[in-house]
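Heads up: the structure comes next, in structure tokens.
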Amino acid sequence: MEKIILTGDRPTGRLHLGHYVGSLKRRVELQNSGEYDKIFIMIADAQALTDNADNPEKVRQNIVEVALDYLSVGLDPAKSTLFIQSMVPELTELTFYYANLVTVSRLQRNPTVKSEIQMRNFETSIPVGFFTYPISQAADITAFKATTVPVGEDQMPMLEQCQEIVHKFNSVYGEALVEPKILLPENSACLRLPGTDGKAKMSKSLGNAIYLADDEKELKTKVMSMYTDPNHINVSDPGQVEGNTVFTYLDAFSKPEDFEEFLPEYKSLDELKDHYKRGGLGDVKVKKFLIKVLEKELAPIRERRKQWEQNIPGVYEILKKGSEVAEAVAAQTLADVKAAMKINYFDDGALIKEQMEKYGNK
Ligand code: TRP
């Protein structure tokens, strides 16, 4: 069986370090591993509109931002198909058919939808499109017969719901759909990178995000104001590394060779942590190290972004070509789905014969 990746992001803002360690970095590694037959990366504008119906301009502006972020981290249009969700109308058609296989109570139980409803104060007025977006996400995944979906931990309920839809479809109509597997980050600090304020999630609305597009100055300011151990007041005080955002970021980003390069007094992150716990190591020193570690990773990304920013028509061209490729693949799956559901009236020669016989046509 072919190994196929599909994943994507809502274009509601620039992508940040949480996206990067949670998914983007992995995608690039998977892309360059050569182990996958096809890779589809989708800008989920239709999904973004499910809770931004009154703000289409925001979605429109962020298509290019997300595309620039994709290209700058190293997603390569020669190896991965980058496309826009709404340019593939087959996805909407699949969603409508899958909707028959999902109950309202099942959607209500989806933990991601539940918490998003709370976050957006939708309790009393949930848009139907938003409520049903897990079904549309199942369409996104299955349309490409994806076997592997690399995403962050928050997408787990979406994948479970997709797997249920695949089972249900295949058992009712016959095996037409492929069951996908989720691929989560291996490093636990990457599963859910906290915001710079130590809050559980990095997000634009909380104002605690470091963006891939941030310049060196912004990066420095954000790291220097990061949340650490509130009880670590004097350098000599013993400090805590658990729940200390600076150390969580080092867990996510630092590599053994970074110590040799930027902080040779320490051999490893464990040694640095031990010193912090004992006391005698100041936050500023650790933060300065983190800045160097992040800067090493982000400088080439920023550089590549600057180059693509000078070629906006080229970016749109990549998305246009990618959307054409994606549509051809999704159209084939839709044809398989319709055949399985027996709604392929004009492609089914046996159907006309059957009806002719029924009415005694010669
Ligand atoms: N829900 C994802 C997000 O919020 C975006 C998305 C839409 C997606 N369809 C998908 C991710 C299919 C993986 C697979 O970022």
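The values are calculated or read from the model by the stated rules, or taken from the named source; none is laboratory data. Since we're looking at a predicted model, the values are computed, not measured. All Cβ positions, even for glycine, are placed from backbone atoms using ideal geometry, and neighbour counts span all protein chains on display.
Restricting the search to the stretch 28-48, which residues are surrounded by 23 or more Cβ atoms within 10 Å (Cβ to Cβ) and in contact (Cβ under 8 Å) with a residue 40 or more places away in the chain? Lay out the reasoning, then the answer.
First, the residues of the stretch 28-48 that are surrounded by 23 or more Cβ atoms within 10 Å (Cβ to Cβ): 39-44, 46-48.
Residues satisfying the conditions are I39, F40, I41, M42, I43, A44, A46, Q47.
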* Structure fact -> Restricting the stretch 110-133 to residues that are in contact with a Pro (Cβ under 6 Å, 6 or more places away or on another chain) and closer than 15 Å to T50 by Cβ, the one nearest to the ligand (Cβ to nearest atom) turns out to be T112
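Taking the stretch 170-192 as the region of interest, how many residues are in a loop (DSSP other than H, G, I, E, B) and touching a Leu at 6+ places or on another chain (Cβ under 9 Å)? Even if it seems obvious, please write down each step before you answer.
Residues of the stretch 170-192 that are in a loop (DSSP other than H, G, I, E, B), as a first pass: 174-180, 184-187, 192.
Applying the additional criterion that residues be touching a Leu at 6+ places or on another chain (Cβ under 9 Å) yields 180, 184-185.
Total satisfying the criteria: 3.
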* Can Q61 be described as part of a helix (DSSP H, G or I), over 21 Å from G195 (Cβ atoms) and in contact with a Phe, Trp or Tyr (Cβ under 6 Å, 6 or more places away or on another chain)? -> no
* Could you run through the stretch 67-111 and say how many residues are assigned to a helix (DSSP H, G or I), modelled with pLDDT of 95 or more and either of a type in the set (D, E, K, R) or outside the structural domain of E164 (by TED's automatic domain parsing) (or both)? => 4
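Just for the stretch 152-175: of the residues that are aliphatic (A, V, I, L, M) and more than 13 Å from the ligand (Cβ to nearest atom), which one is surrounded by the most Cβ atoms within 10 Å (Cβ to Cβ)? Steps first, please.
Filtering the stretch 152-175 for residues aliphatic (A, V, I, L, M) gives 156, 158-159, 165-166, 172.
With the extra rule that they be more than 13 Å from the ligand (Cβ to nearest atom), the set shrinks to 166, 172.
Working: V166: 21, V172: 11.
Restricting to residues being aliphatic (A, V, I, L, M) and more than 13 Å from the ligand (Cβ to nearest atom), the top hit is V166.
Of the residues A146, A138, which single one is aliphatic (A, V, I, L, M), part of a helix (DSSP H, G or I) and touching a Leu at 6+ places or on another chain (Cβ under 9 Å)? Spell out the reasoning first.
Values: A146 fails: part of a helix (DSSP H, G or I).
Matching residue, one of A146, A138: A138.
Quick one: is S136 within 13 Å of the ligand (Cβ to nearest atom) and surrounded by 16 or more Cβ atoms within 10 Å (Cβ to Cβ)? Give the derivation first.
Details: within 13 Å of the ligand (Cβ to nearest atom): yes; surrounded by 16 or more Cβ atoms within 10 Å (Cβ to Cβ): yes.
Spelling it out, S136 is indeed within 13 Å of the ligand (Cβ to nearest atom) and surrounded by 16 or more Cβ atoms within 10 Å (Cβ to Cβ).
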* Only one of these conditions is not met by T196: (1) modelled with pLDDT of 90 or more; (2) closer than 30 Å to F247 by Cβ; (3) within 16 Å of the ligand (Cβ to nearest atom). Which number is it? -> (3)
* Selection from the stretch 246-291 of residues that are buried (at least 16 other Cβ atoms within 10 Å of the Cβ), under 29 Å from the mean Cα position of the chain (by Cα) and basic (K, R) -> K287
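Residues of the stretch 176-219 being of a type in the set (A, V, I, L, M), surrounded by 15 or more Cβ atoms within 10 Å (Cβ to Cβ) and more than 15 Å from G13 (Cβ to Cβ), which ones? Before you say what the answer is, go through the steps one by one.
First, the residues of the stretch 176-219 that are of a type in the set (A, V, I, L, M): 176-178, 182-184, 189, 191, 193, 200, 202, 206, 209-210, 212-213, 219.
With surrounded by 15 or more Cβ atoms within 10 Å (Cβ to Cβ) added as a condition, the list becomes 176-178, 182-184, 189, 191, 193, 202, 209-210, 212-213, 219.
Correct list: A176, L177, V178, I182, L183, L184, A189, L191, L193, L219.
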* Structure fact -> For the stretch 1-17 the number of residues that are away from the ligand (no atom under 11 Å from the Cβ) and surrounded by 21 or more Cβ atoms within 10 Å (Cβ to Cβ) is 2
* In the stretch 333-356, is there at least one residue being hydrophobic (A, V, I, L, M, F, W, C), within 25 Å of the chain's Cα centre (by Cα) and modelled with pLDDT of 95 or more? -> yes
* **Selected residue (only one of V178, V149 is at pLDDT 95 or above, in contact with a Lys or Arg (Cβ under 6 Å, 6 or more places away or on another chain), within 16 Å of the ligand (Cβ to nearest atom) and assigned by TED's automatic domain parsing to the domain that holds P89)** => V178
